[in-house]
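Have a look at the structure below before the remarks.
The values are calculated or read from the model by the stated rules, or taken from the named source; none is laboratory data. Remember, it's a predicted structure, so these values are computed and weren't measured experimentally. FYI the Cβ positions are ideal-geometry reconstructions off the backbone, even for glycines, and counts take in every protein chain you see. The accessibility values were calculated without ligands, DNA or RNA, using every heavy atom of the protein model including side chains. Shrake-Rupley method; radii C 1.70, N 1.55, O 1.52, S 1.80 Å.
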Amino acid sequence: MTDTEAKGWFAAADRDDEAELVAAVRDGDASEPRDWPRLAIEAGFVDDEAEYYDALHEVTTAATSAVVTERERADDRQLVHAVRAMDDCRRTANELAERLAEWAGTIDEDAETGVEYARDLAGRTPDPGEERVVSLAARVAALADEAEDLEAFVERETPSIAPNLAALAGPTLAARLISLSGGLEKLAKQPSGTIQVLGAEDALFAHLRGQAPSPKHGIIYTHEAVRGTRPEDRGSAARALAGKLAIAARIDHYSGDYRPELEAELADRIETIQARASDDGGEDGE
Amino acid sequence: MRTVSDLPAGVERREIGGQERLATRGEPVYGEPTDGEWRAWDPTRSKLGAMLDLEMDVGLEGGETVLYLGAASGTTVSHVADFAGPTYAVEFAARPARDLLSVAEPRPRLFPLLKDARKPATYAHVVESGIDAIVQDVATRGQARVALENRQFLADDGRLLLAVKARSEDVTRDPGDVFADVRAELEDGYEVLETRRLDEYHVDHLGIVARPR
Ligand SMILES: C[S@@+](CC[C@H](N)C(=O)[O-])C[C@H]1O[C@@H](n2cnc3c(N)ncnc32)[C@H](O)[C@@H]1O
């Protein structure tokens, strides 16, 4: 044994300094376990074993509760707000960019619609009389920047909140699905048929009113598994994807375990569906 | 006198709801049927419950110091804390740990720890040495490694009670092959005393009783 012997959680503070003790349980470590109850008594931290375990119960419960609350606060609600704000910023930036293009057309014959043009214009030193339009361009560029920062935040946070959904759908689509259903718990309780058409509510209601065919896919359309499949098989691909996403959402919500096998299973399934195209191609050249 | 498959003191087979069932004494946790202070321990919801029900010799007498890895929302660990002594419950996911806290509240010798069982150094300053039994049900890849890394907590004559889930190691392989590999890896640090498939209650799970070598 070395002279730097491992220290127990109780070495950090006196018995009545709960905050320090909680921090020690949360963030401390030791190279090896030792007979902590005996050592705590020898160190005068407590008088006997019963008192030691009472203190341990109190402090481990408080520490676990603090971390759980912290993680819950940091989790899916934050994601829902971030992804909605990202979409709002992007949509607003595009709308304003159109307004800007109309206005800028009166002072600049090369005016274009779009955020890129707004960025160019924002970088210019305004001639007299152009201050307002250049200032508006700067707002458009700033909103577009904010949307990008929000997307980076979503990409960073989603994998720790919903590891399986993020792996299957990509972080941004995963966050959108969570947002559309109102949270990870709600998404975890959706049947896969609902997940398949999330984001296609308008089309779905039109269908229910008898005015349109039933939608085959909602926002999951943006997933490579659906988009990369030929149109007549997209319904099957969307169904397969939605099924796996439903499982992923449940695992993320109820256990938080990351299951790499889900990705492999989805890839397998999609490969089979996409292979129909080449089979048909071989037979009748369709 | 103790015979091989004796249940630990504090665990009994009792008639509850017209059926003989394993039971412990404590606050109900998951809507299980009760009879007075006894509450049924459902082997279909608990791998350790299945191991006891299938009469594996887990070597527990009651009152032991236990390190439980993969406590989830506390279904099984609640029963363990009912009959064992000081019980350390390690779980790394926040959501089930919220429920684990309610299980721990009325059980003064149950200590919840939100930690990763693959990183024992992050709780070795809390969990004591000389533990009598490690109960492990983590259901993630690398189950043998988790058991080996936590061996340092175990007393020389302590027991490892391990539930291995084949699909967590590899979904595509035959469970029997997976179990053989896990067992071989485990033997780096443990002597395997008994193994039994738990399929009656948990498909493609193996129960293992081992002691450190
Ligand atoms: C099958 S469940 C356990 C059920 C529980 N033993 C019972 O019977 O009540 C597996 C649990 O292990 C947890 N887990 C998986 N890997 C872990 C790790 N490395 N450290 C701690 N917990 C882990 C999961 O979050 C999950 O809650």
> For A:GLU112, which of the numbered conditions (1) within 20 Å of A:GLU131 (Cβ to Cβ); (2) out of contact with any Gly (no Cβ under 7 Å at 6 or more places or on another chain); (3) part of a loop (DSSP other than H, G, I, E, B) fails to hold?
Replying inline: (1)
> Considering region A:247-272 alone, what residues qualify as being more than 14 Å from chain B (Cβ to nearest Cβ) and surrounded by 20 or more Cβ atoms within 10 Å (Cβ to Cβ)?
Replying inline: A:ALA248, A:ILE270
> Looking at region B:99-115, which of its residues are assigned to a loop (DSSP other than H, G, I, E, B), more than 8 Å from chain A (Cβ to nearest Cβ) and under 15 Å from B:PHE83 (Cα atoms)?
Replying inline: B:PRO106, B:ARG107
> Is there any pair linking a residue in region B:164-177 that is assigned to a loop (DSSP other than H, G, I, E, B) to one that is of a type in the set (A, V, I, L, M, F, W, C), with Cβ under 9 Å and at least six apart or on different chains, and which?
Replying inline: B:ASP170/B:VAL178; B:VAL171/A:ALA264; B:THR172/A:ALA264; B:ARG173/B:ALA166; B:ASP174/B:ALA166
> For region B:31-71, what are the residues that are within 15 Å of the ligand (Cβ to nearest atom), part of a loop (DSSP other than H, G, I, E, B), over 20 Å from B:VAL192 (Cβ atoms) and open to solvent by less than 40 Å² (accessible area, probe 1.4 Å)?
Replying inline: B:GLU32, B:TRP41, B:ASP42, B:PRO43, B:SER46, B:ALA71
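Out of all the residues in region A:237-245, is one or more within 14 Å of chain B (Cβ to nearest Cβ) and away from the ligand (no atom under 16 Å from the Cβ)? Steps first, please.
Keep residues of region A:237-245 that are within 14 Å of chain B (Cβ to nearest Cβ), which gives A:244.
If we keep only those that are away from the ligand (no atom under 16 Å from the Cβ) too, we end up with A:244.
Within region A:237-245 (the criterion being within 14 Å of chain B (Cβ to nearest Cβ) and away from the ligand (no atom under 16 Å from the Cβ)), the answer is yes, since at least one residue qualifies.
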> Is region A:1-12 home to any residue that is more than 14 Å from chain B (Cβ to nearest Cβ), among the β-branched types (Val, Ile, Thr) and open to solvent by 20 Å² or more (accessible area, probe 1.4 Å)?
Replying inline: yes
> Among the residues of region B:116-158 satisfying the criterion of being charged (D, E, K, R) and part of a helix (DSSP H, G or I), which is farthest from the ligand (Cβ to nearest atom)?
Replying inline: B:ARG151
> Hey, among B:LEU161, B:LEU101, B:LEU110, which residue is open to solvent by 10 Å² or more (accessible area, probe 1.4 Å) and within 16 Å of the ligand (Cβ to nearest atom)?
Replying inline: B:LEU101
>> Of everything in region B:73-88, what is crowded, with 24+ Cβ neighbours inside 10 Å and either within 7 Å of the ligand (Cβ to nearest atom) or within 13 Å of chain A (Cβ to nearest Cβ) (or both)? Give them in sequence order.
In response: B:GLY74, B:THR76, B:VAL77, B:ALA81, B:ALA84, B:PRO86, B:THR87, B:TYR88
>> For the structure I just gave you, tell me whether B:SER73 is at pLDDT below 95 and within 24 Å of B:GLU200 (Cα to Cα).
In response: yes
>> Going residue by residue through region A:59-67, is there one that turns out to be open to solvent by 70 Å² or more (accessible area, probe 1.4 Å) and touching a helix residue (DSSP H, G or I) at 6+ places or on another chain (Cβ under 9 Å)?
In response: no
> Out of all the residues in region A:94-106, is one or more surrounded by 14 or more Cβ atoms within 10 Å (Cβ to Cβ) and under 25 Å from A:LEU79 (Cα atoms)?
Replying inline: yes
> Can you name the condition, by its number, that B:ARG14 falls short on among (1) within 16 Å of the ligand (Cβ to nearest atom); (2) more than 22 Å from B:ASP132 (Cα to Cα)?
Replying inline: (1)
